[in-house]
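Student: Quick one: the structure is below, questions incoming.
The values are calculated or read from the model by the stated rules, or taken from the named source; none is laboratory data. Worth saying up front: this structure is predicted, and the values here are computed from it rather than measured. Cβ coordinates were reconstructed from backbone atoms using ideal geometry, including for glycine residues, and neighbour counts include every protein chain displayed. The protein model used for the area step is the full one, side chains on, heavy atoms only, and it has no ligands, DNA or RNA in it. Shrake-Rupley method; radii C 1.70, N 1.55, O 1.52, S 1.80 Å.
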Amino acid sequence: MSDTRHTRVLIIGSGPAGYTAAVYSARAMLSPLLIQGLQPGGQLTITTEVENWPGEREIQGPDLMVRMEEHARAMGAEVISDYISSLDLSQRPFVAKADSGMTYTADAVILATGAQARWLGLPSEEKFKGFGVSACATCDGFFYRGKEVVVAGGGNSAVEEALFLTNFATKVTLIHRRDSLRAEKILQQRLFKNPKIEILWNHAIEEVLGTEAPLGVTGVRAKNVHTGETVEVPCDGFFVAIGHEPASELVKDQLELHNGGYVKVEPGTTRTAIPGVFAAGDLTDHVYRQAVTSAGMGCMAALDAERFLSGEE
Ligand SMILES: Cc1cc2nc3c(=O)[nH]c(=O)nc-3n(C[C@H](O)[C@H](O)[C@H](O)COP(=O)(O)OP(=O)(O)OC[C@H]3O[C@@H](n4cnc5c(N)ncnc54)[C@H](O)[C@@H]3O)c2cc1C
């Protein structure tokens, strides 16, 4: 038998966007329910140092997320360990069904299900994640001042990340499996002109190489896709830049998506095309993808939801 609970505001996701939305909607006396999903705390729980959260010169990602959760609870949000498996936005109250068997109905929904970086899927990549392997140059580039890095990928994000990393690194090697890039021509021109960037064409990453104690990257081994020959490229950091996957599965047939699956919102707001449904954070953002921008959008979503609900009263 399944139970049903009703809430004014249902927040789906427990990253910076979800927890910030929870703090704001709790302080607006909306008694929000927040569903954490399979990754309580979101993407920052899989990183180590975060150096760009204002007010914290350096904080471990998982610690920051524990503090956000405590903050949301202290303000009066109810944080629930559950996963939303289906969401019906066709009528109000909106209906969310969870893995636990619970059904949540809500007058307003804030979608904050985030995104996941695409990884190569190598065991060595997994091993060194946060210890020299990254999927975010904006987040981690600063750690590679005066060092050498490798970027894997061939699209816009790979080229942008490689160019951005030249601000810090002495040498950036871009490794791509094909003999041409998919990135926009203008980006390619900038890449080819940059003296710090070297390109290794027709090579696929086979393994990330590194040390055990301390855990750290020393290079990558890449295989020529035509000849099968392998080459080792020394580096201190390895950036995987093969795209992101927004977690928009729940709403893909109900809301407009763009730029490869990101939920479309009215510019300058978090309003989707369905009144009462708001979206925040990496789920809607293919450009910035930062904790602080996600938190900012979480705040906007709570304020938008509060205005929407009070406008109905
Ligand atoms: C390795 C790494 C390092 C990073 N370092 C930095 C950094 O130093 N600084 C920085 O600003 N940014 C950094 N980022 C980016 C930052 O983590 C993201 O921009 C931010 O976490 C996005 O927040 P979000 O709230 O939108 O979503 P996410 O953090 O992606 O959280 C999404 C949440 O939604 C939940 N969820 C998903 N589907 C469901 C469902 N069906 N039901 C219920 N819940 C669901 C998940 O469990 C998760 O809690 C890093 C990212 C990575 C991967």
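Student: Among the residues that make up region 204-214, is at least one of them surrounded by fewer than 16 Cβ atoms within 10 Å (Cβ to Cβ), out of contact with any helix residue (DSSP H, G or I) (no Cβ under 9 Å at 6 or more places or on another chain), farther than 22 Å from Tyr144 by Cβ and among the hydroxyl-bearing types (Ser, Thr, Tyr)?
Tutor: no
Student: Identify the residue in region 38-47 that is open to solvent by 30 Å² or more (accessible area, probe 1.4 Å) and not aliphatic (A, V, I, L, M) and, among all such residues, is farthest from the ligand (Cβ to nearest atom).
Tutor: Residues of region 38-47 open to solvent by 30 Å² or more (accessible area, probe 1.4 Å): 38-40, 43-47.
Okay, now just the ones that are also not aliphatic (A, V, I, L, M), so 39-40, 43, 45, 47.
Values: Gln39: 4, Pro40: 6, Gln43: 3, Thr45: 8, Thr47: 4 Å.
Selected residue: Thr45.
Student: Also: Counting only residues that are farther than 26 Å from Val159 by Cα, within 16 Å of the ligand (Cβ to nearest atom) and outside the structural domain of Ile175 (by the TED database), give me the strands (runs of 3 or more DSSP E) lying completely in region 206-313 with at least 2 of them. Please lay out each step first, then the result.
Tutor: Details: elements: 216-224, 230-234, 237-240, 244-246, 277-279.
Passing ranges, in order: 277-279.
Student: Here is a follow-up. Could you please let me know if Leu30 is open to solvent by less than 70 Å² (accessible area, probe 1.4 Å), assigned to a strand (DSSP E or B) and hydrophobic (A, V, I, L, M, F, W, C)? Reasoning before the result, please.
Tutor: Working: open to solvent by less than 70 Å² (accessible area, probe 1.4 Å): yes; assigned to a strand (DSSP E or B): no; hydrophobic (A, V, I, L, M, F, W, C): yes.
It is false that Leu30 is open to solvent by less than 70 Å² (accessible area, probe 1.4 Å), assigned to a strand (DSSP E or B) and hydrophobic (A, V, I, L, M, F, W, C).
Student: Considering only region 125-147, state which residues are more than 10 Å from the ligand (Cβ to nearest atom), open to solvent by 80 Å² or more (accessible area, probe 1.4 Å) and within 19 Å of the chain's Cα centre (by Cα).
Tutor: Scanning region 125-147 gives Glu126, Phe131.
Student: Still on this model: Can you tell me which of Ser14, Ser81, Ser25 is in contact (Cβ under 8 Å) with a residue 60 or more places away in the chain, small (Gly, Ala, Ser) and within 11 Å of the ligand (Cβ to nearest atom)? Explain how you work it out, then say what you get.
Tutor: Working: Ser81 fails: in contact (Cβ under 8 Å) with a residue 60 or more places away in the chain; Ser25 fails: within 11 Å of the ligand (Cβ to nearest atom).
From the options Ser14, Ser81, Ser25, the qualifying one is Ser14.
Student: If you don't mind, there's one more thing I want to ask. Which residue pairs have Cβ atoms closer than 6 Å, lie 6 or more positions apart in sequence or on different chains, and pair a first residue in region 96-112 that is of a type in the set (S, T, N, Q) with a second residue that is open to solvent by 20 Å² or more (accessible area, probe 1.4 Å) and away from the ligand (no atom under 11 Å from the Cβ)?
Tutor: If the second residue must be open to solvent by 20 Å² or more (accessible area, probe 1.4 Å) and away from the ligand (no atom under 11 Å from the Cβ), the pairs left are Thr103/Ser2; Thr103/Thr4; Thr105/His6; Thr105/Pro93; Thr105/Val95.
Student: A further question follows. Looking only at helices (runs of 4 or more DSSP H) that lie completely in region 93-167, which have at least 2 residues being among the aliphatic types (A, V, I, L, M)? Even if it seems obvious, please write down each step before you answer.
Tutor: Working: elements: 123-128, 137-140, 156-165.
Output list reads 156-165.
Student: Give me the residue from region 48-57 that is charged (D, E, K, R) and more than 10 Å from the ligand (Cβ to nearest atom) and, out of that set, least open to solvent (accessible area, probe 1.4 Å). Walk me through it before giving the result.
Tutor: Restricting attention to region 48-57, the residues satisfying the condition of being charged (D, E, K, R) are 49, 51, 56-57.
When the remaining residues are screened for being more than 10 Å from the ligand (Cβ to nearest atom), the result is 56-57.
Working: Glu56: 46, Arg57: 199 Å².
Here the answer is Glu56.
Student: Any chance you could count how many residues in region 103-124 are under 19 Å from Gln43 (Cβ atoms), at pLDDT 95 or above and of a type in the set (S, T, N, Q)?
Tutor: Qualifying residue count, region 103-124: 1.
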